[in-house]
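Here is the structure we will look at.
The values are calculated or read from the model by the stated rules, or taken from the named source; none is laboratory data. On a predicted model such as this, the values are computed, not experimentally measured, just so you know. Counting neighbours? That spans all protein chains shown, and the Cβs are built from the backbone with ideal geometry, glycine included. When the accessible area is computed, the model is the full protein with side chains, heavy atoms only, and any ligands, DNA or RNA have been set aside. Shrake-Rupley method; radii C 1.70, N 1.55, O 1.52, S 1.80 Å.
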There are 2 protein chains.
Amino acid sequence: MNRSSLVQQIREKKSYLCVGLDTDIDKIPAHLREDKNAILNFNKAIIDATRDYCVSYKINTAFYEAMGAKGWEIMAETAAYIPSTHFSIADAKRADIGNTSSYYARAFFEELGFDAVTVAPYMGEDSLSPFLSYTNKWTIVLGLTSNPGARDFELQKLQHSGEYLYEHVIRTVSQWGNPGNLMFVAGATQASELGRIRNIIPENFLLVPGVGFQGGSLKDVSEYGMNEECGLLVNASRAIIYASNDERFAEEAAIIAQQYQAEMSLYFG
Amino acid sequence: MNRSSLVQQIREKKSYLCVGLDTDIDKIPAHLREDKNAILNFNKAIIDATRDYCVSYKINTAFYEAMGAKGWEIMAETAAYIPSTHFSIADAKRADIGNTSSYYARAFFEELGFDAVTVAPYMGEDSLSPFLSYTNKWTIVLGLTSNPGARDFELQKLQHSGEYLYEHVIRTVSQWGNPGNLMFVAGATQASELGRIRNIIPENFLLVPGVGFQGGSLKDVSEYGMNEECGLLVNASRAIIYASNDERFAEEAAIIAQQYQAEMSLYFG
């Protein structure tokens with residue numbers, strides 16, 4: 001999916017919601033767990049219930065890797081079920097030396113067919129370039145993350161410029177791609193920094209986790225992070241997929257997703 | 001495997017060699033490729049041929065993820081074939097917010113049963129603590145990596161201390177674990193920095209990639225990086241597993257592994 005298609009979807013649906021399918025067998029409704037396809041069925045029901053209110057789905061690979069090869073299959077089948085109208089993200093936070101990164105890119109872009117994959121920037125340019133070399137695919141690089149540990153390294157100031165490491169990462173990496181193939185992760189819990197981020201990268205989309213369970217404010221994120229083409233994909237996972245843990249899990253997920261979309265339509269209608 | 005067992009293995013074998021099983025179906029000998037268990041059979045043959053000369057095996061998950069769920073199965077079967085006498089490493093370079101990292105830890109420590117997993121430090125303490133919370137398991141954190149991109153961020157100086165980011169990472173992370181559960185990655189191509197690293201962490205083991213194909217010097221690595229309990233696991237993959245691409249692939253791999261061990265015995269005999 002290219003940028004103009006993504007922006008068109010956002011405009012049509014008045015939504016920049018990404019639903020995270022971080023599905024844990026121990027947390028899905030009890031009545032589903034006996035089924036040998038429990039997780040896949042849960043994911044499909046969530047997708048069916050929420051697709052009208054969101055423009056994107058994100059699958060965090062950790063939850064599926066914890067289940068072994070079977071988990072990888074479930075992830076692949078879930079990815080295949082995501083409608084082609086929706087922007088699909090493998091939240092894998094991968095990276096390695098260049099040669100090895102090319103295998104990660106093959107895994108997510110070719111084998112699993114995702115539109116986008118999240119990557120970690122620590123190892124620098126040659127670790128990211130294999131991802132960026134794909135046409136019609138997106139690389140989403142960690143910038144300022146939503147968790148408390150962001151203060152340990154991301155919010156350390158660099159000697160030569162006095163800017164934070166995360167600013168230097170965004171500034172540097174933004175030169176290795178363009179607003180048509182490169183996004184950055186910026187945590188919703190860090191909304192006050194979004195203005196600083198927008199000064200560095202006015203055009204690139206931001207993937208914004210941390211609204212919902214982690215406590216970030218959608219209003220602040222939208223106020224500080226939005227640009228003329230929206231430029232945001234705001235992710236919620238647990239608040240939506242675990243909205244209810246009984247037979248109404250899909251209907252309740254839809255209600256929460258719709259609430260997010262309704263609020264989003266006020267900010268980017 | 002705890003630290004004293006690992007050190008004992010190194011002393012007995014006079015080797016600190018780790019063999020990397022970065023196996024690509026397009027690069028293994030042609031005569032094997034027809035077999036539907038080609039990669040697993042290749043890995044088993046390499047393990048059988050090299051086990052006397054090394055103390056550790058490292059599986060880089062990217063090569064297996066590129067093959068989908070089938071690749072994950074091959075990785076699991078390969079991991080199960082690694083002898084219990086050998087220190088097994090999942091080279092996954094994972095990390096995520098705390099809750100999610102715990103699923104990665106479960107995947108590699110429990111589901112796949114590896115002794116150790118490599119992790120990326122960018123997201124800070126809570127992203128690493130789920131790994132460090134396991135007893136009798138090891139977390140190997142990226143420090144100064146072997147690739148050219150190390151200069152982009154790892155070799156940036158920080159304002160408050162004037163030290164490199166990678167030094168600050170090692171210094172900070174070393175306080176979150178101890179020499180019995182925490183190692184760092186230091187590239188062989190960065191041997192001149194190993195002395196600086198040893199000043200910060202005299203005790204922790206270092207996983208050292210980059211000898212062999214990437215051109216690092218085993219002699220320099222050993223001179224600058226070794227401590228009284230050796231403190232090094234030096235990895236070679238392509239130089240060993242692709243030493244030959246015909247029917248003699250396992251014998252040739254054994255010869256190269258033995259050459260490394262012979263040289264190592266001069267440095268830590």
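The table below gives the values:
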| read-out | value |
| --- | --- |
| Table column - 3J(HN,Hα) (Hz), segment A:254-263, Karplus curve with 6.51, -1.76, 1.60, x for Gly and Pro | 4, 4, 5, 4, 5, 4, 4, 4, 4, 5 |
| Volume of the Cα convex hull of segment B:3-158, divided per residue and given in Å³ | 140 Å³ |
| Expected 222 nm ellipticity per residue - DSSP helices of 4 or more, -39500 (n - 2.57), all of chain B, to 500 | -12000 deg cm²/dmol |
| Dimensionless Rg/Rh of segment A:120-269 - Kirkwood Rh, Rg from C-alpha atoms | 1.01 |
| Gaussian network model of chain B, Cα within-10 Å springs - most flexible of B:Glu203, B:Glu193, B:Glu111 | B:Glu111 |
| Rounded to 5, percent antiparallel among DSSP beta bridges of chain B | 5 percent |
| Shortest-first nm distances, B:Arg33 label point to equivalent points in other copies (7 Å, Cα→Cβ) | 4.6 |
| Relative contact order, percent, segment B:1-160 [alpha-carbon distance under 8 Å, six or more residues apart] | 18 percent |
| Most to least accessible of B:Tyr57, B:Tyr81 (protein chains only, probe 1.4 Å) | B:Tyr81, B:Tyr57 |
| For segment A:114-126, 3J(HN,Hα) per residue [Karplus equation, 6.51 cos²θ - 1.76 cosθ + 1.60, θ = phi - 60°, Hz, x = Gly/Pro] | 5, 6, 8, 9, 7, 9, 9, x, 3, 8, x, 4, 5 |
| Per-residue average of Cβ from other chains inside 10 Å of A:88-99 | 6 |
| Shielded residues, segment B:100-115 - accessible-area loss of 30 Å² or more between chain alone and all protein chains, probe 1.4 Å | B:Thr100, B:Tyr103, B:Tyr104, B:Arg106, B:Glu111 |
| Extent along principal axes [Cα atoms of the protein assembly as shown; Å; largest to smallest] | 71, 53, 40 |
| log10 of Debye I(q)/I(0), alpha-carbon scatterers only, for segment A:106-201 at 0.18 Å⁻¹ | -0.83 |
| Å² of accessible area per residue within the protein assembly as shown, as computed with a 1.4 Å probe and no ligands counted | 34 Å² |
| Nearest-0.05 FRET efficiency for A:Ser133 and B:Gln159, computed from C-beta distance (R0 25 Å) | 0.15 |
| When the convex hull of its Cα atoms is projected in every direction, mean area for segment B:198-265 (nm²) | 4.7 nm² |
| Semi-axis lengths, Å, segment A:229-269, gyration tensor of Cα atoms, sqrt of 5 times eigenvalues | 24, 11, 5 |
| Across the identical copies, how the A:Arg11 labels are spaced - nm, sorted shortest first, 7 Å along Cα→Cβ | 7.2 |
| Estimated vicinal HN-Hα couplings, Hz - segment A:170-176 in sequence order (Karplus 6.51, -1.76, 1.60; Gly, Pro = x) | 5, 4, 5, 5, 4, 7, 8 |
| Per-residue average of Cβ from other chains inside 10 Å of A:118-130 | 6 |
| On Cα atoms only, tilt of A:3-13 relative to the major axis of chain A in degrees | 50 degrees |
| Under-5 Å amide H pairs with B:Asp152, H placed in peptide plane, nonlocal only | A:Glu125 |
| Distance histogram for chain B (every C-alpha pair counted, 5 angstrom bins, percent rounded to whole numbers) | 1, 6, 14, 18, 19, 18, 13, 8, 3, 1, 0, 0 |
| Listed residues A:Lys157, B:Lys93 arranged by accessible area, highest first, probe 1.4 Å | A:Lys157, B:Lys93 |
| nm² value of the averaged projected area, convex hull over the Cα atoms of segment B:12-83 | 4.7 nm² |
| Restraint check, A:Lys36/A:Lys137; A:Lys58/A:Lys93; B:Lys44/B:Lys70; B:Lys70/B:Lys137, Cα-Cα greater than 22 Å | A:Lys36/A:Lys137; B:Lys70/B:Lys137 |
| Area hidden from solvent between A and B (accessible, protein heavy atoms only, 1.4 Å, total, Å²) | 5200 Å² |
| Averaged over B:69-81, number of beta-carbon atoms from partner chains that fall within 10 Å | 3 |
| Geometric extent, Cα atoms of segment A:59-122 - Rg, Dmax (angstrom) | 11.7, 33 |
| 7 Å along Cα→Cβ, label-point gaps from A:Ser84 to other copies, nm, shortest first | 5.2 |
| Apportionment of accessible area to carbon and sulfur, segment A:1-130, percent (1.4 Å) | 44 percent |
| Length-normalised contact order of chain A in % [C-alpha pairs under 8 Å, at least 6 apart] | 22 percent |
| Rg to Rh, two decimals, where segment A:159-205 supplies the alpha carbon set and Rh follows Kirkwood | 0.95 |
